[in-house]
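Worksheet: the structure to be examined is printed underneath.
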Amino acid sequence: MEPAFHGRPADHHPAAHHVYLLQQADRRRHDLGSCQGLMGLDSMRAPTLRDVARHAGVSMGTVSHVLNHPQKVSESTIAKVRASIEELGFVRDANASSLAAGGSRSIGLVVIDLGNSMFVDVARGAQEAARDAGLNLMLAASQDDFAAQGENVDFFAEARVAGLLLAPLQDSSEQMRRFSARGRPAILVNYDPGDEGVCCVVVDNEQVGYLAARHLIEQGCRRLLFVCGDEAIQPVTLRRAGLRRAVSEAKGVRFEEVHTPDLTEQSGAALAHRVAARGPGTRPDGIVTVTDTLAAGFMNAAEALGISVPRDMAVMGCDDNRLAEPTTVGLSTVAMEGKALGGAAIRMLLEELSAAAGIPHVHQRIVVEPRLIPRRSTLGFERG
């Protein structure tokens, strides 16, 4: 389920139908999670300069003069053109104007998945910080497709945005290299490249796993199951490390791990059937899933299979994904503070842009601490 974004689609590139401009000039408070169906915006074409010229009955050159050189146009023509602009809702493309002047006031943001509210929060935080700096934010979603992510990065490079924020789930150094080769800065969001030559802002994903496991142990769980996916996804490996650290600090706690083919509700439901097939004495009493979507799928299927959460076992998610499938029992999880990540990334980018103007800059790694959110899926557990 993907939230829509108020904005207008960019044009003339294979990846453009995933790219939207959130304009600083539009002072309405955009709700980045309020609508459904990102692709639905394709049919909402923004009025162009040509549309204004046709509506006003003048040439495109005349419209351009009204916008850029009004002293060259009569008052009556100015009034006519401005009336058409108002009626059509035309918004001047400030990005195109700045490019013509040799610069850009637009920032690109590429996220891997808008089906996870953490990335929506990143976009919201980045948009607010960009607006405060008088910049536009252009957002691209990659639909969980690494190749599409690369196309989006290349699109922003060709669009000559002032800088890029990239929020991947795996190593994207080659895509970063291609973008930076054009002389524009790029910041990694929620991915640590282990490279001192790159700025990044990350949530402490090892601490995410630690908080989740420690919370279950504190509730009395002694047989923990960690449910995860592809190890190429950095948060998976880091959250596993945090979980193992929590288990190592406790006495009498057993730990096992199950890999799922993906991180969907369907995989969570399939896992519930596997757990239900085990005898009550051999089932885990505490489950940590690497994402909330897995946890939601597990909990909903487990209920139908006669497993009570949290009476029979406690279940814990790890990313506070508000777009995950609803559950009858509130899901305990860990907040990723995506809004803080997005805002910090914009501020880092502004520092890098200042460095391009001759102000000294040192690459940084900013770590945002996660936050435990306990709910009924764990707080009602009673150790048998």
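Each value in this text was obtained by applying a stated rule to the coordinates, not by laboratory testing. Quick caveat: nothing in here was measured; it's all calculated off a predicted structure. We place every Cβ from the backbone using ideal geometry, glycine too, and count neighbours over all the protein chains shown.
Under 5 Å between amide hydrogens, built in the peptide plane, is the criterion, and for T291 it picks out C318 among residues at least 5 positions away or on other chains. Cβ-to-Cβ counts within 10 Å put V315, V202, V52 in ascending order as V202, V52, V315, the fewest first. 3J(HN,Hα) couplings calculated from phi for the range 138-145 with the Karplus curve 6.51 cos²θ - 1.76 cosθ + 1.60 (θ = phi - 60°) are, in sequence order, 9, 10, 10, 9, 9, 6, 6, 10 Hz; Gly and Pro show x.
Stretched out straight at 0.36 nm per residue, the stretch from S180 to R376 would grow longer than its current Cα-Cα span by 65.9 nm. For L165, the amide hydrogen comes within under 5 Å of the amide hydrogens of G108, L109, V110, I187, counting only partners 5 or more places away or on other chains and with H modelled in the peptide plane.
For V203, the residues whose modelled amide H falls within less than 5 Å of its own, excluding neighbours fewer than 5 places apart on the same chain, are N190, V368.
By the rule of a C-alpha distance below 14 Å, with chain neighbours fewer than 8 residues away ignored, the aspartates and glutamates paired with K80 are D51. When peptides 264-272, 161-169 are sorted by average Cβ neighbour count within 10 Å, with the highest value leading, the order is 161-169, 264-272. Counting only aspartates and glutamates at least 8 places from K251 when in the same chain, those with an alpha carbon closer than 16 Å to its own are E218, D285.
Sorting the segments 288-295, 82-89 by their residues' average number of neighbouring beta-carbon atoms within 10 angstrom, most packed first, yields 288-295, 82-89. Converting phi to 3J(HN,Hα) with the Karplus coefficients 6.51, -1.76 and 1.60 and the offset θ = phi - 60°, the range 362-367 yields 10, 4, 10, 10, 9, 10 Hz in sequence order, with x at every glycine or proline.
Taken one residue at a time, the phi angles of the range 62-79 give Karplus couplings (6.51, -1.76, 1.60, θ = phi - 60°) of 5, 4, 4, 5, 4, 6, 10, 9, x, 5, 8, 10, 5, 4, 5, 5, 4, 4 Hz. Gly and Pro are set to x.
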